[in-house]
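Taking it in order: structure first as structure tokens, then the write-up.
The values are calculated or read from the model by the stated rules, or taken from the named source; none is laboratory data. The structure presented is a predicted model; accordingly, all values stated were derived computationally and were not measured. Positions of Cβ are backbone-derived with ideal geometry, glycine not excepted, and every protein chain shown enters the neighbour counts. Accessible surface is based on the protein model in full, side chains and every heavy atom, while ligands, DNA and RNA are left aside. Shrake-Rupley method; radii C 1.70, N 1.55, O 1.52, S 1.80 Å.
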Amino acid sequence: MTLNSFIKEFDNEKSFVLLEGKRNILEADKKKLFALGKMIAMKTKKIIFRSGNAEGADEIFCDGVSSVDKERLQIITPYSSHRKKSSVGYETFSLDEINVMNEPEVVYQSKQNKKMEKLIDNYVSGGRDRFSIKAAYILRDTVKVIGTENILPASFGIFYDDLKNPMTGGTGHTMNVCIQNKIPFINQTVWFNWLKKI
């Protein structure tokens, strides 16, 4: 996918584009994440950019977008106090505000992450200990992709992945939910080339 084809297809009303990625970023890549966030915010008018407010790629992508238009940033967090001081999102949804019992598809798709299945069950049934809270991150990642009754699903995903160990951890879970729901996405092997055009 080229930058122009991305803009043509996704710069419209109700288009939500994920800006996601790993916490650990190669030093040489940090400027590229900021540059991409800034560039796609400048070159589009209607896309809402969605992130999970995690340290690393999420934060840097969002800093790039917010340097142009923070009103087009939507943040979905695993709990209401999650990295509140560093959030640049204009609109924020917390998993604390979502009744996951009323979102069976979110629970079902989150439990496809088999390592987290029991923790998710514990979280959904009200558990909030230091173990079950890990489930909130996976549930949050699923919500970012498929949405809820009050949050529209994502249209596209832009990721910064660990290319030596791809599609692992929370980023990998988010990508897998995209695949499961036929939501197209790219990683830096594609969008690094977009930056060469500027």
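Structural remarks
- Within region 102-134, chymotrypsin sites (Phe, Trp or Tyr not before Pro) in DSSP loop having at most 14 other beta-carbon neighbours inside 10 Å: F131
- Largest GNM mean-square fluctuation among I60, I133, I76, using the chain with Cα springs under 10 Å: I133.
- Contact order normalised by residue count of the chain, Cα under 8 Å, 6+ apart, percent: 22 percent
- On the chain, 51 percent of the accessible area sits on carbon and sulfur atoms, based on a 1.4 Å probe.
- Solvent exposure of the chain amounts to 51 Å² per residue of accessible area, where only protein heavy atoms count and the probe is 1.4 Å.
- The loop-placed GluC sites (Glu not before Pro) in region 15-119, going by DSSP, that have at most 13 neighbouring Cβ atoms within 10 Å of their Cβ come out as E55.
- On the basis of the beta-carbon distance and an R0 of 22 Å, I133 and R23 show a calculated FRET efficiency of 0.80.
- By the Cα gyration tensor, region 103-198 has an equivalent ellipsoid whose semi-axes, rounded to whole angstrom, run 28, 15, 10 from largest to smallest.
- Read-out Cα Rg over 2.2 N^0.38 Å, derived from the coordinates shown; its label in (i) 1.07; (ii) 0.97; (iii) 1.21: (ii)
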